[in-house]
Each structure stands twice: as structure tokens, then as C-alpha cells.
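Trainee: One structure, pasted below without further comment.
The values are calculated or read from the model by the stated rules, or taken from the named source; none is laboratory data. Just so we're clear, the structure is a prediction, and the values are computed from it rather than from any experiment. A quick note on method: Cβ atoms are made from the backbone with ideal geometry, for glycine too, and the neighbour counts reach across all protein chains shown. Accessible surface areas use protein heavy atoms only, side chains included; no ligands, DNA or RNA. Shrake-Rupley method; radii C 1.70, N 1.55, O 1.52, S 1.80 Å.
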Amino acid sequence: MTELEATLEDMLAVERFDPPAGFTRRRPVEADRAAADLDAERFWADAARDLLTWDKPFTQVLDDTNPPFYTWFADGELNLSANCLDRHVSAGRGERVAFHWRGEEGERRDVTYAQLLADTQRLANGLRSLGVAAGDVVGIFLPMIPEVAVAMLACARIGAVHNVVFGGFAPSAVRERMEVSAAKVLITVDGARRKGRRAEVKAAVDAELGDLPALEHIVVVRGPRTGGDGGASEPAASGSGKEPAASGTGLAAGVGTGASEAPMTPGRDVWYDALLAGADPDCPAIPLPAEHPLFILYSSGSTAKPKGILHTTAGYLLGATYTHRMVFDINPDTDVYWCSADVGWITGHSYIVYGPLSNGATSVMYEGAPDYPDRDIWWQIIEEFQVTVFYTAPTAIRTCIKWGPEYPGRHDLSSLRVLGTVGEPINPKAWLWYHLVIGGGRCPIVDTWWQTETGSVLISPLAGVTSTKPGSATQPLPGISPALRSEDGEPVTEGTGVLVITKPWPSMLRTLYKDDKRFVETYFSRFGPTTYVVGDAARLDADGYYWIIGRIDDVINVSGHRLSTAEVESAIVAHEAVAEAAVVAEPDEQTGQAIVAFVTLAGEQTGDAAMEARLREHVAHRIGKLARPRRIIWADDLPKTRSGKIMRRLLRDVAAGRELGDVTTLRDPAVMAVITDRVRTARDDEE
Ligand code: WTA
């Protein structure tokens, strides 16, 4: 046992970490909490006046006359891009860096608030010239480059609704998301790079969605290029001689390193830089109603069809602004903040783009992977930019633990003062490692619980204020009312239950895009129209601290990425060799959960390694690499009830290595014996 391991063992006995001294809050938190407990609506109204800049002040706060369709500040008007840009520039902070962009080959680009505003205005005019009007949907499929923020802000400036798709998704998943939202314009990139390889994104996009009837234009950003002419300054060493990647799915997978011109269809496609160059530099921010739709973000639910979660302007921005400031104790004048998520997830929307920009903070935006060129790149970046607040996912921490403390050990991390995590429960050991090895034992950790649907963090410690317990997301933020319910709806005041939120909050989703019915059914049918059902189970301890256990629906959380079992199943079943498939999660030390697929092949096909590789590739192509099953178990039959329903519960038990539950209701109980045996053999082979 190393000295670090011994210390970690000892620290597991520590139940509670009190906030370190030296944190001075910008807004007195305890006063917020008291105000919110007294009158949550009034608390939010005060915060909205205090933190946001309004063109037309609101007189109405919450309208709860038609639950679950709530509105906030509905008669007020404001522009979100003006809140994120103009108000900082006009206050003399235009030269402040909004993003220290760091390319994966070591390039740096500092983008100031004034530059962001200038580009946002030009792009907003450019989009208008392409026929985009308020309410139109604009798709965004971009890697981690500053243009992604410009694209989002330009939409917000003219009231267009953005629909960002995570770069790890395959073009066919982009197609689905564009098609169901009837996107008019897509903003994408010619090519993206990952670990020295290049993916020809535009060509792949053309092949998959060139024929979408609603899609009138494609705007193409010139992405950073290794050894090429791309948008980044100072290209570093050429990437020639690297192996081409095995598959071309998503922005992250490469097909070689050579520079190439993207195919452009005249009349439909336009280069981003040409669009900006030809556009009027002035685009005044138009006042928009508080409830004007801001964005759709697709997320996985319990059916194969992704849910188009819709957020609106003022309430969402208030949530992102307030929580970013309070949870992380942000001081925009002195902090350098870095959230390592991808902008294609809600974490990127709220805590890379909107929260930090609304607060006028300086952030790092990093293009690359955590292990390229070496496994110390994150820590090098923290040292290079003197990052003070760092926000990442437990899965990333577990990977760093596996790599070993020598990588962070190479760098001076003493600039750090607050650490955050999001996306999945963090086990106490990983929490302590983060605390000791990255935080030097001095940085409070904020374990932030929230969802795409909640828009911003709802349950979390406040840095420097809340006493933390490793593994617990601790307590609700001021103005948020979570509770636990038993299966039959009884309140649970201590112990385990289903997590619900009993009062509306400003940044909550407003509906599922063009699907009010599914919105009500998914979140508000179980306990009535005023109780939001989260989809997680949690435990409440005697101190009133929440411990999130995990999803209770058919959603799998792989490395903090939400995937629907039904979506993966339907991708597998779409393969001609497959007759039937069932997908469940198995626990995984590193990724939290991993996907296991039980597959019955059609006809005389045999399940061998080649078939397994084919199916995995097929899933990567349909959804994205992140959805590839870790393990495929060939099954001649799946466990079914007499009425033919697949009993996933039993498959989950097998995958988790648990005793099987009741098998007597199975049509053919012998099926489970065969499957259990195969799972065991597959595991033994692995070891
Ligand atoms: C899980 C990500 C435990 C949870 C912001 C939730 C967490 C789902 C935590 C939402 C946390 C998120 N502790 N579990 N701190 N944060 N989760 O929509 O199951 O991608 O329902 O939003 O992630 O995932 P989503």
C-alpha cells in the first residue's frame, strides 16, 4: 500500500468536511436561504432583478394556474445575449477574456467579451440573411471551439432556438434531431480533430442529412487543423504518419490527417467566415419575452425516441447565473474557471456558456482529450492558466485514479480553490482522491446534482459554506424544494425513496418540444401535475443530506452520459442479422455503468467475435461510439413472461452478478440458466 492509499483508507472514516476558512461570499447565502424559505417566489423575483438586466421589467413572477405548464416573469422582456455580452462590454469589461481557448496541439486563442460580441452580432445578421427568424430552429454540431459559443449566442440574440448536438454523436443521430425539430439551418464544421486524427465532418453530414426538406442552409466553420490553415493560431507539429481511425462516427473519430476542402453545395452551404465578413457588424439585441424559447436539447428517456427538452429565456438564464455564482463561489474579477464537459451536454450549455458569460467570468475552453498528448494534459492546463475553479465528472476522476497520481504530480495545482463534480454519484474514495491529490486537501468539493430538465444545479453544497460528506450532494439550493416519496407516494423523511421536486423553479424545462403530452406523462403523471418526478432514487440522512442513488427508469449512465436502453436496443435490432435484443446496465468501476446487450440472432447466424465487432460498429454508426455495448451475450432466447414481455429485471440481476429474482413467471425458466452461464463464461474469459 502506498502512502496515498493508506491516507485514503484513513480518511474514509471521516464523515464530514467542514468548509475551509477564507471564503467570503459575494451574496450572503444564509440570507438567501432564509428569504427563499419564507417566500420562494419573492426570493426568485429579487434574484432576477438583481442578477439579470431587463429591457422591460416584469410585474408577474410565477404563474402556476395551469400546472405543470408554469411560466416565470412572463410579462418581462430581455435579451439573453445582451446579458452575456453587451452588459459587460458597456461596463468597460470588453477586454476581459471570456475564453482562454486551448487547442489539442497546444494552440492558444484568447477570446475577449468584445470579440465575442462582435462575432455574435455578425453571425446573428448572417443567420438573418439566410432567412432565420425568431422561433426558427438552428442546429449546431461543432467541436469545442469558441465558435460554438458564438453560434449559441447569435441564435439567442435574434430569438432563434438552438439545438446543439454533442460532437460524439453519429451523423445519423444528428439527422434524427434535426428532422424532428425541423431545423432550418445547421452550423457545423468542415473537419474536426481528435488526438491528432481528423474527421471529415461536413462530408459525413452531407451524406446523412443532405436531403432533409426543412434544412435550407448549412453554415460551415473552418475547424482547427493540425499543420494546416485552420482557425487556430500557431498550429503545432504536423500530425502526419498517424493511423487513421477505425470508424468515422461523430466529430471525435478521425479518418486520417490530411487537410481537405469540405464539399460545398452552392446555394445551400456557406462558409462561416464568409458569412461573418459579408454581414453588417451591428445587430442590436432585440428584447424578447421572458418565456421565449431559448433552446432544445435532446436527452434520453425510457423510449427509443429522444426527448426534446425545451428551455426558455429568463428563468433558464437566472438558474444558470445564480447557481454558477453561488455554487462555485465565483468572483468574475479574479477566478479562472474551467468546466471540462462538452458544450453538447446541458453541463456545457449552463456551465461553459451561459452561466459563466452571464456572470462575466473568465473560462478555459479545451478542445482535446484528457490523454493527448499525454495523461497530464488537464493538469498542465490548470497550471498554464492558473485555473482556480475546476468542474468535471466522477468518471474522469476514476480514470485519473487508474492512471496514477504521478500525472497530476508533475504540475503545480496550487491555483485551485474549488472543485466540482457532476453527472453521476461519486464514490467516497474517488471524492477523497480528488480532494487530496487534485485539491491538495484545501479545496471544497461541490458534488452538484441536476439534470438536462432542471436547467441548473438543484442539490449541491455551496463552496465554502456547506459542510460536505463524501458521496452526498448535500442540500437543496435556496428556492428549491426536493422531497422523497415511497413507491405509493408517501413522504419519506429519512431513508430511501423516489426523488421529486414539489415546487416549480425558474430554470425548469417548460415542455418536450412539440410534445406536451409526453412531457406530462413522463414527469407529472405519477404523483400529479405539481410534483416533478426526477427519475432518480435517493436517500435522505438524519442531517437532511441527499445521497443520489441513480436512475429508476430505463436510462443508463455511462461515464455521465445518459443513454436509453430502448434507443440502443432499437439500433441493435435494426441490424439485419439480429432477431431480438435486450439492453441493460452492468456496474463498472470506471464508467459507473456499462452497456450489456443480450442478442438473439436471426436464422442460422452465429454469434462470434466478428459478429460482435460488426454489431458494435453498427451501434456506433447509428447513435455514436458512446452507445457501443461493452459486452454482447448471445442468447438463443430471452427471458419472457407468458405474455411475451422481456423481463429486463432478470437480465439486470445477471449483469450485476446478483441472485436472480423470481423466475416462476417466465414462459421458459430454463432460458435464464443458459444466459447466466454465458455471462459467467464471458466474465471468466475477461479475467
Ligand atoms: C445523474 C447532467 C448523482 C442523475 C447534469 C440525473 C447525478 C442524471 C449527479 C441527469 C450527481 C447528475 N450525483 N447523480 N451529482 N448529477 N446525476 O440530464 O441520475 O445528462 O438524473 O444531466 O445524471 O443527467 P443529464
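Trainee: Which value, in Å to one decimal place, does the Kirkwood hydrodynamic radius take for region 1-121 when every pair of different Cα atoms is included?
Mentor: Taking every pair of different Cα atoms in region 1-121, averaging 1/r and inverting gives 19.4 Å.
Trainee: While we're here: Could you tell me what % of all Cα pairs in region 260-360 have separations over 23 Å?
Mentor: Numbers: 2629 of 5050 pairs.
Counting pairs separated by more than 23 Å, the tail of P(r) holds 52 percent.
Trainee: Any chance you could check the Cα centroid distance between region 612-651 and region 550-609 for me, in angstrom?
Mentor: 4 Å
Trainee: Can you give the local net charge around Met264? Use residues other than it whose beta-carbon is closer than 11 angstrom to its beta-carbon, Lys and Arg +1, Asp and Glu -1.
Mentor: Numbers: positive: Lys202, Arg268; negative: Asp190, Asp206, Glu261, Asp269.
Result for the neighbourhood of Met264: -2.
Trainee: Here's a follow-up. Normalised by the residues of the chain, what does the relative contact order come to in percent, with Cα pairs under 8 Å and at least six apart?
Mentor: 13 percent
Trainee: Suppose all protein chains stay in the model; what accessible area per residue would a 1.4 Å probe give for the chain, in Å²? Spell out each step's value before the answer.
Mentor: Working: 25370 Å² over 687 residues.
Result: 37 Å² of accessible area for each residue.
Trainee: How much of the accessible area of the chain, probe 1.4 Å, is carbon plus sulfur, in whole percent?
Mentor: 50 percent
Trainee: Take each of the peptides 181-188, 612-619, 466-473, average the number of other beta-carbon atoms within 10 Å over its residues, and list them starting from the highest.
Mentor: Values: 181-188: 23.9, 612-619: 18.2, 466-473: 21.0.
Peptide ranking by packing, descending: 181-188, 466-473, 612-619.
Trainee: Can you give the % of DSSP beta bridges in the chain that are antiparallel, to the nearest 5?
Mentor: Roughly 60 percent of the beta bridges in the chain run antiparallel, per DSSP.
Trainee: Roughly how far apart, in whole Å, are the Cα centres of region 501-537 and region 367-390?
Mentor: 38 Å
Trainee: Compute the distance in nm between two label points, each set 7 Å from the Cα along the Cα-to-Cβ direction, one at Met264 and one at Ala537.
Mentor: 5.6 nm
Trainee: Right, next: Report ³J(HN,Hα) in whole Hz for each residue of region 184-198, in order, from the Karplus equation J = 6.51 cos²θ - 1.76 cosθ + 1.60 where θ = phi - 60°; Gly and Pro get x.
Mentor: Ordered by residue, 3J(HN,Hα) equals 8, 9, 10, 9, 9, 10, 5, x, 10, 10, 8, 6, x, 9, 10 Hz.
Trainee: Still on this structure: Expressed as a fraction of 2.2 N^0.38 Å, the rule-of-thumb size for a compact globular protein of N residues, what is the C-alpha radius of gyration of the chain? Mind showing how you got there, number by number?
Mentor: On the way: Rg = 24.6 Å, N = 687, 2.2 N^0.38 = 26.3 Å.
Compactness ratio reported: 0.94.
Trainee: Show me the ranking of peptides 343-354, 103-114 by mean Cβ neighbours inside 10 Å, starting with the highest.
Mentor: Highest-to-lowest ranking by the protection proxy: 343-354, 103-114.
Trainee: Hey, can you list the DSSP H helices of the chain whose Cα span along the axis is 18 Å or longer and whose average Kyte-Doolittle score is at least 0.0?
Mentor: 146-158, 313-327
Trainee: Anything over 23 Å Cα to Cα? Flag those among Lys469/Lys503; Lys305/Lys625; Lys517/Lys625; Lys429/Lys625, in the order listed.
Mentor: In this structure, Lys469/Lys503; Lys517/Lys625; Lys429/Lys625 lie more than 23 Å apart at Cα.
Trainee: What Kirkwood radius, in Å to one decimal, follows from the Cα pairs of region 372-440?
Mentor: Values: mean 1/r = 0.0829 Å⁻¹.
Over region 372-440, the inverse of the mean reciprocal pair distance is 12.1 Å.
Trainee: Per-residue ellipticity at 222 nm for the chain, helices alone: DSSP H runs ≥ 4 residues times -39500 (n - 2.57), over residue total, nearest 500 deg cm²/dmol?
Mentor: Here the helix-only value at 222 nm equals -8000 deg cm²/dmol.
Trainee: On a straight-distance basis, which lysines could pair with Lys184 in a cross-link, Cα separation under 20 angstrom, same-chain partners fewer than 8 positions away excluded?
Mentor: Of all the lysines, those that pass the test against Lys184 - Cα under 20 Å, at least 8 places apart if same chain - are Lys202, Lys307, Lys514.
Trainee: Related question: Ordering Phe69, Phe99, Phe166 by accessible area with a probe of 1.4 Å, largest first, what comes out?
Mentor: Descending order: Phe69, Phe166, Phe99.
Trainee: Here is a further query. So what are the three principal axis dimensions of region 101-203 from its Cα atoms, in whole Å, longest to shortest?
Mentor: 38, 36, 17
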